[in-house]
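Asks: If you scroll down you'll find the structure; I have some questions about it.
Every number here is computed from the coordinates shown, using simple stated rules; none is lab data. Treat the numbers as computed from the prediction; the structure is a model and nothing was measured. Positions of Cβ are backbone-derived with ideal geometry, glycine not excepted, and every protein chain shown enters the neighbour counts.
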Amino acid sequence: MSIEANEEFRPKIVAFCCNWCSYAGADLAGSSRLAYPADVKIIRVPCSCRVNPMFILRAFEKGADGVIMCGCHPGDCHYSTGNYYARRRMTLLFSMLDYIGVENGRTRVEWVSAAEGVKFSTTMNEFVEKIHSLGKNVRLGDLRCRN
Amino acid sequence: MQRIGVFVCHCGSNIAATVDVKKVAEMALMEPGVVHAEDYQYMCSEAGQARIQEAIKEKNLTGIVVCSCSPRMHENTFRKAVERAGLNPYMVEVANIREHCSWIHKDIEEATKKAVILMRAAVAKVNLNTPLKPGESRVTKRALVIGGGIAGIQTALDIADAGYKVDIVEKTPSIGGRMSQVDKTFPTLDCSACILTPKMVEANAHENITIYTYSEVENVSGFVGDFTVDIRKKARSVDMTKCTGCGVCQEKCPSKKTPSEFNRGLNNRSAIYTPFAQAIPNVPVIDREACIKFKTGKCGLCSKVCQAGAIDYDQKDEIITEKYGAIVVATGFDMIKLDKYDEYAYSQSKDVITSLELERIMNAAGPTKGHLERMSDGKPPKEMVFIQCVGSRCSDDRGKSYCSKICCMYTAKHAMLIRDKYPDVNVTVFYIDVRTPGKNFDEFYRRAVEDYGVNYIKGQVGKVIPQSNGKLLVRGVDLIDQKQIVKEADMVVLAAAIEPNPDVRKIATMLTASIDTNNFLTEAHAKLRPVESPTAGIFLSGVCQGPKDIPETVSQAGAAAVKAIGLLAKDKLMTNPCTAHSDELLCNGCSNCANVCPYGAISYEDKEVNDHGKREVRRIAQVNSALCQGCGACTVTCPSGAMDLQGFSNRQILAEVDAICR
Amino acid sequence: MQELIARAKELLANGTVARVLGWKAGDLPYNPEPAYFEKEEDFKDFVYNGFCGANLSKYMIEATKLEGKTLVCLKPCDTYSFNQLIMEHRVDREKAYIIGVGCKGKLDIEKIKKQGIKGIQSISGAEITDDAETLTINTLYGDKTIPYADGMLERCHVCKGKEHKIYDEIIGESKDTKDADRFDEVSRIESMKPEEKFAFFQKELSKCIRCNACRNACPACSCRKCVFDSNKFDSSQKANVDSFEEKMFHIIRAFHVAGRCTDCGECSRVCPQGIPLHLFNRKFIKDIDEFYGEFQAGEDITVKGPLTSFTFEDVEPSVVAERG
């Protein structure tokens, strides 16, 4: 992990947000001018259950330093049950990533409602700070290096 | 390759003050597929939209990216704009550079960099967009209402008045439901029958309404706009076309020992019976389990006395199959069984009754002709105790976790009516909280306390003990005065919790409508779509969705009717094109997608496919796009990637990921 | 084995089945391979011994599409896979005649070789009918004897039991050979530091030559077309040039079979590079058991899998961090 001394580490962070709650929560954070670092880029999906673990692995492989998924609170899913499936999938995926030595701080799920602009902003600030403390993600980009 | 136009909005200074919009447009021209880029003050304005339309025509654009505010704000505006210019509306993607960028960042360089990346992601996505067309499906202009209580009647009347045919299916021999058992209604104390029966008559007489009583829904297939339903019309043993409703058969029937369902078992009825005098239809049914003719072959008295010759012992169940565009569930409620509440001695004493039984006792047509008397010895009571929340707001598994909502008000009503008619009777109410939200509700309750001297005690009753003198010893606590209370009562009335009609589980399964742990039907959205089921074309009316009183039930019934009318008014349904589709060459037919679909939109068929020259019959997933709402749960469950979501395809999302991580 | 052959011939002769799916002898004493037997004379090569580790369930996907019934020999642990395939509508139960074959643990030739045994000419004690607790290996350098258990596949040390979950008839005795906890190795890795975990998996996965043997053998990995071979995820590359596919293949494969994997161990058994691939699947199984209650894929075909069901009270993904 060698970063040029004078080059500031700017993490790449992908946030998957469901259209109905979390994306709207991010919009509210915006209209409330609640700042969070520009390192976070949001991808809109209809529901957290649309997030395929392959998307997350792909992000890491392409150089993301952290991936966060946001959805409606359990019980509030626009499609009734989507986030319950997403919750199981992400729990197992994150546990697997932890198992192969990817720091578990690089992955996160947060339930953010359309009214929780503050929570969205706070979550993103926290997450970026966490990624800063972990530094650049080298592992998933380099899981299979042939010596 | 797409020919993409990128339009960067200043949004006045909302975006332009923090994002170098010119730079974003300039950078856009370096992206693959982008042939046009410009920035403008307000893209959403008429002039802004016109610029997009002009560019589409001039440069033959096939895809549009608008870098502006949230797509939740103006995605539709831009979709309509490009459609007017001849482009498919789903060829638009919005990069949110306002809410997600300019409004939260201060540094211009940083915000511009981010805006460029968001633009790139949108360009990458639109490169993979395909024109999407909403599907169409037909609508059968007929509605089915399951349940003939006040909710079902009101929904049916409203739909029928709008000019659509409605069928009501009611399990019991008459429509009317719980409301027909109620004596008076709160908070106005008007007579329940006086306001309900005219509606029953109206429904019966309405040219657009067909009522199937003593009938049940047996099978449902199809989907929104096009349901096919089998209704089992149980054998009534009475020819409805001949019966005049004279009632002689009921008088003469020698079998009179069956507890009356309508009077909650407080008295008995004959084997051939109508549940109550104002029943609709006023045609009796023969209860074959109680009828001597059916049990022994002898008797046949009703047939002999029937001048119309309407009795038909050989009548068989009949299955009616009908098509419907919309289905409204109005299956209502019942009181919970009290077998787990032995401490209140309900099963030990006839003088411990439920509130609904009290309604029948107070009713002039009830078992006591409306005289308040003890069911054990017929004596008028002097001391009455009401116990609230029996099985409601319960933390253990004996009762229900929810508040039954109506009990506080009907108990106030009962207390007031008793004190009004029998001023010498003392009325005590044990309560946890008195909950009276609703128009004129709290005033009503206060009248009970202040004007009628009803004794409200905050506290719960621990035990009701029948005494040898015929009285009931009530042991409770007063939480405010912090003391034990022991009271001798003549009658104890239990405000038992209400629960959804137990049949609703079966019905929900047939409709693929979801149900919660308490058996209440789940609404599509708790706040914004409270009368719709998540399953398209299924609407919820009355207590089947959650506890409510009569006015609330009627308003919800009307709302459900409006939603059903809104559906029936359409000749064709345009379906959201962002639905899942299965690639038949990749599908394994494993059923995992159907297992996670909340809408029952996925079915399987054995289909001959041509896999690069190899023909074979395979089990293939089929998505009904009229039912699919586009959540995408199935796409992730599918290991082969056969299932994909239009508008949010795997490749589109991966392209966004790649663009962001580039 | 003779009883099995006799019964198979009988069922072929009386027309109950059109073919038999079993194992035929290979060119070495320890490499029998799955094969179809359609005529009486084919059976001269039929073998069933300790080296018949291959799980034949997956072959039944294609076999049950053929005309007539196929007799298949399934060991107790293979029947879980077969059940899972029934549940996913991949095999037609009606077109299978299942003989539950006895099993006393299958052998791992690599493990035997690792004990310094070279120049193997023949092995006795591997016959299924043998009660022998030892294997006698005749080599160019004389006879060597090792305890049977020392030659067993890893998966047999964590045997799921001697019961066949589905069968038409059973021939031969089975033995529960479990003498270890199947999650021991997973727990050992879990307790490592992140750097150690990463080093461990990086080392193992770097051996992968993407031969697809694991994918081909895995009964859960039975897609008509794998995502890695289609263009649905932009991951299809004829040559191994796509780094995404390179790096994530095994994780994605494990995720795709999570909740469906019966832990049959074929992936590790067939890996020519000796990568302990089952450690991915077992991690998912261990987590599923811990988070959502014990679940064995293929045990009960009426129960929905853990990734196609949920409860309102499921643990949050943050449990991973909290657990430390």
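Asks: Calculate the translational D of the stretch B:386-450 in whole µm² s⁻¹ from Stokes-Einstein, where the hydrodynamic radius comes from the Kirkwood formula applied to all Cα pairs, the temperature is 20 °C and the viscosity 1.002 mPa s.
Replies: Working: Rh = 12.7 Å.
For these conditions, the coefficient is 169 µm²/s.
Asks: To continue, here is another question. If the label point is 7 Å along Cα→Cβ of residue B:398, which residues in the stretch B:492-507 have backbone nitrogen under 13 Å from it?
Replies: Those under the cut-off are B:497.
Asks: Quick check: residue separation of residue C:111 and residue C:67 times 0.36 nm, minus the Cα distance between them. What number comes out in nm? Let's see the in-between values first.
Replies: Working: separation 44, 0.36 × 44 = 15.84 nm, distance 4.01 nm.
Length difference between fully extended and current span is 11.8 nm.
Asks: Just to be sure I understand the model, the point goes 7 Å from the Cα along the line to the Cβ. What's the resulting residue B:240 to residue B:47 distance in nm?
Replies: 6.8
Asks: With N set to the number of residues, divide the alpha-carbon radius of gyration of the stretch B:4-126 by 2.2 N^0.38 Å and report two decimals.
Replies: On the way: Rg = 12.7 Å, N = 123, 2.2 N^0.38 = 13.7 Å.
This ratio for the stretch B:4-126 stands at 0.93.
Asks: Now, a different point. For the protein assembly as shown, what is one quarter of the convex hull surface built on the Cα atoms, given in nm²? Before the final figure, lay out the partial values.
Replies: Details: hull surface 228.5 nm².
Taking the Cα atoms of the protein assembly as shown, their convex hull projects to 57.1 nm² on average.
Asks: Still on this structure, I have one more. Please turn the phi angles of the stretch A:124-135 into ³J(HN,Hα) values with the Karplus equation 6.51 cos²θ - 1.76 cosθ + 1.60 (θ = phi - 60°), one per residue in order, whole Hz, x for glycine and proline.
Replies: For the stretch A:124-135, the Karplus-derived couplings read 5, 4, 4, 5, 5, 4, 4, 5, 4, 5, 8, x Hz, x marking Gly and Pro.
Asks: For the stretch B:428-470 and the stretch B:374-415, what is the separation of their Cα centres, given in Å?
Replies: About 9 Å separates the Cα centre of the stretch B:428-470 from the one of the stretch B:374-415.
Asks: In deg cm²/dmol, rounded to 500, what helix-only [θ] at 222 nm does the protein assembly as shown give when every DSSP H run of at least 4 residues adds -39500 (n - 2.57) and the total is split over its residues? Please report the intermediate quantities before stating the final value.
Replies: Working: 33 runs with 336 residues, N = 1133.
Here the helix-only value at 222 nm equals -9000 deg cm²/dmol.
Asks: Ok, one more. Answer with one residue from C:275, C:292, C:209: the one whose Cα lies farthest towards the positive end of the charge dipole of chain C, charges on Cβ with Lys, Arg +1 and Asp, Glu -1.
Replies: C:209
Asks: Right, another one. Can you tell me how much longer the chain between residue B:314 and residue B:527 gets when fully stretched, taken as 0.36 nm per residue apart minus their C-alpha distance, in nm with one decimal?
Replies: Values: separation 213, 0.36 × 213 = 76.68 nm, distance 5.07 nm.
Extra length available between residue B:314 and residue B:527 comes to 71.6 nm.
Asks: Loop-only check: which GluC sites (Glu not before Pro) in the stretch C:11-107 are DSSP coil with at most 15 other Cβ within 10 angstrom? Show your work: numbers first, answer last.
Replies: Working: sites: C:38, C:40, C:41, C:62, C:67, C:88, C:94; in loops: C:38, C:67, C:88.
Counting only loop positions with at most 15 other Cβ atoms within 10 Å, the GluC sites (Glu not before Pro) in the stretch C:11-107 are C:38, C:67.
Asks: Can you list residues whose amide H is under 5 Å from residue B:485's amide H, if they're 5+ apart or on another chain and H is modeled 1.01 Å from N?
Replies: Under 5 Å from the amide H of residue B:485: B:476, B:477, B:478.
Asks: Just want the answer: with Cβ charges of +1 for Lys and Arg and -1 for Asp and Glu, which residue in B:48, B:89, B:103 is farthest toward the dipole's positive end in the stretch B:1-107?
Replies: Final value for the positive-end residue is B:89.
Asks: Between residue B:571 and residue B:221, what is the label-point separation in nm under the 7 Å Cα-to-beta-carbon projection?
Replies: With each label point 7 Å from Cα toward Cβ, the separation is 2.8 nm.
Asks: Under a point-charge model restricted to the Cβ atoms of Lys and Arg (+1) and Asp and Glu (-1), what is the dipole moment magnitude of chain A relative to its Cα centre, in debye to the nearest 20? Mind dumping the intermediate values first?
Replies: Numbers: 19 positive and 15 negative charges, 108 e Å.
Once rounded to the nearest 20, the dipole reads 520 debye.
Asks: In peptide C:255-264, how many Cβ atoms from other protein chains are near each Cβ within 10 Å, on average? Numbers along the way, then the final one.
Replies: Working: counts 10, 7, 1, 7, 5, 3, 0, 0, 0, 0.
Per residue, the number of nearby Cβ atoms from other chains is 3 on average.
Asks: Related question: Please report, in debye to the nearest 20, how large the charge dipole of chain B is about its Cα centre when each Lys and Arg carries +1 at its beta carbon and each Asp and Glu carries -1 there. Kindly include the intermediate steps, with their values, before the conclusion.
Replies: Numbers: 82 positive and 79 negative charges, 214 e Å.
Roughly 1020 debye for chain B.
Asks: Can you give the Rg to Rh ratio of chain B, both from alpha-carbon atoms, with Rh computed by the Kirkwood formula? Don't skip to the answer; put the middle values down first.
Replies: Working: Rg = 32.4 Å, Rh = 29.4 Å.
Rg/Rh for chain B comes to 1.10.
Asks: Under the rule of at least 5 residues apart or a separate chain, name every residue whose amide H is placed under 5 Å from the amide H of residue C:24.
Replies: So residue C:24 has HN proximity to C:33, C:35, C:47.
Asks: Towards the positive end of the charge dipole of the stretch B:368-481, with charges on Cβ (+1 Lys, Arg; -1 Asp, Glu), say which of B:408, B:391, B:472 has the farthest Cα.
Replies: B:391
Asks: At q = 0.11, 0.17, 0.21, 0.24 Å⁻¹, what log₁₀ I(q)/I(0) does the stretch B:553-640 have when each alpha carbon counts as one equal point scatterer in the Debye sum?
Replies: Ignoring solvent entirely, the Cα scatterers give -0.44, -0.79, -0.98, -1.12.
Asks: To continue, here is another question. Quickly work out the residue C:94-to-residue C:14 label distance, labels modelled 7 Å from Cα along the C-beta direction, and quote it in nm with one decimal.
Replies: It is 2.2 nm.
Asks: Normalised by the number of residues in chain B, what is the relative contact order in percent for Cα pairs under 8 Å and 6+ residues apart?
Replies: Details: 1479 pairs, mean separation 86.9, N = 662.
The normalised contact order for chain B reaches 13 percent.
Asks: Related question: For the stretch B:163-244, what log10 I(q)/I(0) values come out of the Debye formula at q = 0.25, 0.26 1/Å, with one point per alpha carbon and no solvent?
Replies: So the normalised log intensities work out to -1.24, -1.27.
Asks: Give me the Debye-computed log₁₀ of I(q)/I(0) at q = 0.06 Å⁻¹ for chain C, equal point scatterers on Cα only, no solvent, two decimals.
Replies: -0.22
Asks: On to the next question. Provide a whole-number value for the mean count of partner chain Cβ atoms within 10 Å of the Cβ atoms in peptide C:197-209.
Replies: Values: counts 6, 9, 2, 3, 7, 8, 3, 2, 5, 5, 2, 2, 1.
Mean partner-chain Cβ count within 10 Å for C:197-209: 4.
Asks: Which whole-Hz couplings ³J(HN,Hα) result when phi for each residue of the stretch B:394-403 is put into the Karplus expression 6.51 cos²θ - 1.76 cosθ + 1.60, θ = phi - 60°, listed in order with x for Gly and Pro?
Replies: The phi angles translate into 9, 8, 9, 8, 6, x, 10, 6, 8, 8 Hz.
Asks: Could you tell me what fraction of 2.2 N^0.38 Å the Cα radius of gyration of the stretch C:244-324 comes to, as a two-decimal ratio? Before the final figure, lay out the partial values.
Replies: Working: Rg = 14.0 Å, N = 81, 2.2 N^0.38 = 11.7 Å.
Ratio of Cα Rg to 2.2 N^0.38 Å: 1.20.
Asks: Long-range amide H contacts for residue B:19: which residues qualify at under 5 Å (H placed 1.01 Å from N, peptide plane, sequence gap of 5 or more or a different chain)?
Replies: none
Asks: Which translational diffusion coefficient, to the nearest whole µm²/s, is obtained for the stretch B:334-499 from the Stokes-Einstein equation, given a Kirkwood hydrodynamic radius over C-alpha pairs, 37 °C and 0.692 mPa s? Working shown, then result.
Replies: Details: Rh = 15.9 Å.
In µm²/s, the coefficient is 206.
Asks: On to the next question. May I ask you to derive the FRET efficiency for residue C:316 and residue B:482 from their Cβ-Cβ distance with R0 = 25 Å, giving the value to the nearest 0.05?
Replies: Given R0 = 25 Å and the Cβ-Cβ separation, E is 0.05.
Asks: Which ³J(HN,Hα) values in Hz, rounded to whole numbers, follow from the phi angles of the stretch B:39-55 under the Karplus curve 6.51 cos²θ - 1.76 cosθ + 1.60, where θ = phi - 60° and Gly and Pro get x?
Replies: So the J values, rounded to whole Hz, are 10, 7, 3, 9, 5, 7, 6, 3, 5, x, 4, 4, 4, 4, 4, 4, 4.
Asks: Also: Assigning unit charges at the beta carbon (Lys, Arg +1; Asp, Glu -1) and nothing else, what dipole magnitude in debye, to the nearest 20, does the protein assembly as shown show about its Cα centre?
Replies: 1280
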